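The values are calculated or read from the model by the stated rules, or taken from the named source; none is laboratory data. Everything numeric here is computed off the predicted structure, so don't read it as measured data. Here the Cβ is made from the backbone with ideal geometry for all residues, glycine too, and neighbour counts use every protein chain on show. Side chains are part of the model used for accessible areas, which takes the heavy atoms of the whole protein and leaves out ligands, DNA and RNA. Shrake-Rupley method; radii C 1.70, N 1.55, O 1.52, S 1.80 Å.
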Amino acid sequence: MATKQQQFVPTPSSPANTSGIINRSKAAAGDTRIVVIIFGQGQERIVTTFADVLGKPYRFASSFSSVGSEDHGTVIGIAAGDAKGDIVSRDRALMIAINAHCVGLGMPPDLDLSAASDYEFLYTEAPFFRRDLSRFISFTLGQISPHEALIKKARTYFISTTFPDVRTALSNLDILSVGSDAVEIRVDLLKEPLTDGTFNSVPSLSYVGEQVMLLRQRTELPIIFTTRCTRENGRFPMDDPDLYYEYLYRAIQWGCEYVDVEIWLREDIRRRLFEQRGNSRIISAFHDFSGTFKWPSPQAQAIFADSRRYGDIVKMITIINSVSENYELEYFRSQIKANNPDGPPLSAVNMDQLGQLSRALNTVFSPITHPLLPIVAAPGQLSAAEINGALSTMGQLPKKNIYGIGSFRSTPQVAFFEKCFNELGLPHNFMSVDRAVKGSVETFCLQHEFGGAYLSSPLSADQPYIPELSDAAKTIGSIDTIVVRGEGANTTFIGDNATWKGIRSTLTRDFAPSAYKDRAAIILSSSGDDAASIIFALRSLNIGKIYTVGFKAHGPLAFDVEPFTSIESVQRVEHPFAIISALPPLKSHLAQPLLRHFSHTGRPSPCGQGKVFMDLANGPRSTDPLAVAEQCGWTSYGVADATAFTTVETLRLLVGQNVPYSFVRLASGRGLY
Ligand SMILES: O=C1C[C@@](O)(C(=O)O)C[C@@H](O)[C@@H]1O
């Protein structure tokens, strides 16, 4: 069993304004304290990687007391042995301490350092997952906030994994998590093997940490950390409530996006976790297996009221005795919604077969299972496909025709969408059609069962039959997705743009949003229209000056965008953080001289190299600029990366379901579509 810690050191709460996408689409500045990385013996490289991901310079120091306000903007590395000297007395308002521990070198993390740090990053050297580090630091510093996006979704689901060892799940994770917005790790169901062939009664913190790390390395979905107690269908012992604090606080330190805190726990434990949650969100959980709980009761109201004090989401799960109690729950849900317009959202379902109707009707963080899981996490759990099937049978999910409109000649894209719809049990048809004649898009929109469309070449945003536009579509000036909202006479079309999101997700795969702040970028394109979504994506990352080749920007995106006018003007600019080419395939080689130039010359930036190259050309090329970029040390992405991320966004917009990036890549083979 895990050794109990003597002292609990709180994570200082992060600044109030930590939402990842604020001011509509801008990345938040987040926590601006000095980042100090504590590293193990021979692990200096992890400090340089943190600095590179954050786009900052670094230096090594021998103590916390030698770090001062002049170090703002620099990542500091302190060896674990040195850090122990004064970590406890560090200036917490000035710096944020992250214990970076390499798993697999034979030693668990030092418990005192783990407890005293603000956060802990567990990693493996081979393979090393840079995107895991990028996500960890972006999240813990408050530069991204998945919760902000998830609470706005009409329906959210999480898969409750029930594996004794997550390693067994890793190869199937892409398929398991189709339709899920988050993955729950049931820590109480983990089984840590001991040398004598038995299992630890409670998995140790080092075992749990490794399991969380393995899961996070393989999924981009937020993680829900759950220690379900024995009274509530779990295996976590209830005799020592402080043990819950120890594990749940560590989950916050590991950067788990959600932490499940059971409501029976002492108030001081729940309060401390809520106050110390940093950027993690607390799911306050109540389960009742007595069979006597009633939704229309002062008890149910009181439980919600108590839960909301220390919960960002309130979860209430019960056993019922008759189907009609599902309707009582629906009435309770509507009352709660009406009386608590500012949240927190309620996730409530009834268990067992009798309660399955409520699992279909719940819209907030519905727990789901998957046929590939060893057991269901709770009686009556349904899969995403079963829930969609039930909704469809009840007339809640009418069958629609969803179109891919463009000049597709091939069928793989149809096969991909059909695969997703099948996997999710959605009743819709996907059809890919040519956009041959003027006006044909409107013709599709007017069809009776039109359920939305994705356009392979975007439409200009001023279509009279698309009355509403997202902010992105309005600013970019083009629509690549037509979303249908409402039914019958209330049906309306919203023009949206998924491409910029795909580009932004690609840019932030290996770098934190802050790495782009105030840095220069270069865009090559044959037209301003093709470049608009790139500019929007870069602006959302607070990029500095943008230089252009091949076009001039117009309209709302033209601010601080300047065309290169001569070789001299190229030579004068600071090293760009990113070069992005939207040139057609036969011209994409024109990026190569710039890549070469900025690999060897160019005014260096004080913030390290951070060389990102993206080539959005789709089709055969005379030479491959990606290969040139990689040779010159640029982190490179091709059109398949950006398209896969865009597809994730397109599916979210069209059918409201989350299909992970890794599944899109997996299902579409090597070349996308
Ligand atoms: O709280 C819940 C809901 C659940 O109990 C269910 O009923 O589906 C399953 C659990 O894994 C999860 O933590």
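Brief remarks on what is shown
- Residue satisfying all of: in the range 208-240; within 16 Å of the ligand (Cβ to nearest atom) and basic (Lys, Arg); most open to solvent (accessible area, probe 1.4 Å) among these: Arg231
- The single condition among (1) open to solvent by less than 20 Å² (accessible area, probe 1.4 Å); (2) within 16 Å of the ligand (Cβ to nearest atom); (3) under 23 Å from Arg270 (Cα atoms); (4) hydrophobic (A, V, I, L, M, F, W, C) that Ile368 does not satisfy is (3).
- The residue that is farthest from the chain's Cα centre (by Cα), among those in the range 105-160 that are of a type in the set (A, V, I, L, M) and closer than 20 Å to Arg281 by Cβ, is Ala154.
- Members of the range 139-157 that are out of contact with any Pro (no Cβ under 6 Å at 6 or more places or on another chain) and open to solvent by less than 30 Å² (accessible area, probe 1.4 Å): Phe139, Thr140, Leu141, Gly142, Ser145, His147, Leu150, Thr156, Tyr157
- Scanning the range 371-381 for residues that are closer than 24 Å to Ser171 by Cβ and near the ligand (Cβ under 9 Å from one of its atoms) returns Val376, Ala377, Gln381.
- Remark: Arg277 matches the filter, which requires a residue to be touching a residue at least 12 places away in the same chain (Cβ under 8 Å), under 22 Å from Asn99 (Cα atoms), open to solvent by 10 Å² or more (accessible area, probe 1.4 Å) and not β-branched (Val, Ile, Thr).
- Subset of the range 241-250 that is without any contact (Cβ under 8 Å) to a residue 60 or more places away in the chain and either over 24 Å from the mean Cα position of the chain (by Cα) or surrounded by fewer than 22 Cβ atoms within 10 Å (Cβ to Cβ) (or both) - its residue that is farthest from the ligand (Cβ to nearest atom): Pro241
- Per-region count, the range 566-622, residues touching a Pro at 6+ places or on another chain (Cβ under 7 Å), at pLDDT below 80 and open to solvent by 60 Å² or more (accessible area, probe 1.4 Å): 1
- Answer residue from the range 175-207, given it is touching a Phe, Trp or Tyr at 6+ places or on another chain (Cβ under 7 Å) and assigned to a strand (DSSP E or B) and is most open to solvent (accessible area, probe 1.4 Å) among those: Pro193
- Residues in the range 338-359 that are of a type in the set (Gly, Ala, Ser) and free of Cβ contacts under 8 Å to residues at least 60 places away in the same chain: Ala338, Ala348, Gly355, Ser358.
- Lone qualifier among Ser347, Ser392 - being buried (at least 20 other Cβ atoms within 10 Å of the Cβ) and not aliphatic (A, V, I, L, M): Ser347
- Elements of type helices (runs of 4 or more DSSP H) contained in the range 398-506, each with 2 or more residues being open to solvent by less than 30 Å² (accessible area, probe 1.4 Å), outside the structural domain of Ile580 (by TED's automatic domain parsing) and not aliphatic (A, V, I, L, M): 412-424, 440-445
- Any hit, the range 257-264, residues being in contact (Cβ under 8 Å) with a residue 60 or more places away in the chain, open to solvent by less than 10 Å² (accessible area, probe 1.4 Å) and touching an Asp or Glu at 6+ places or on another chain (Cβ under 9 Å): yes
- Candidate set: the range 136-170, residues that are among the polar types (S, T, N, Q) and either assigned to a helix (DSSP H, G or I) or assigned by TED's automatic domain parsing to the domain that holds Pro513 (or both); chosen: the one nearest to Val183 (Cα to Cα): Thr168
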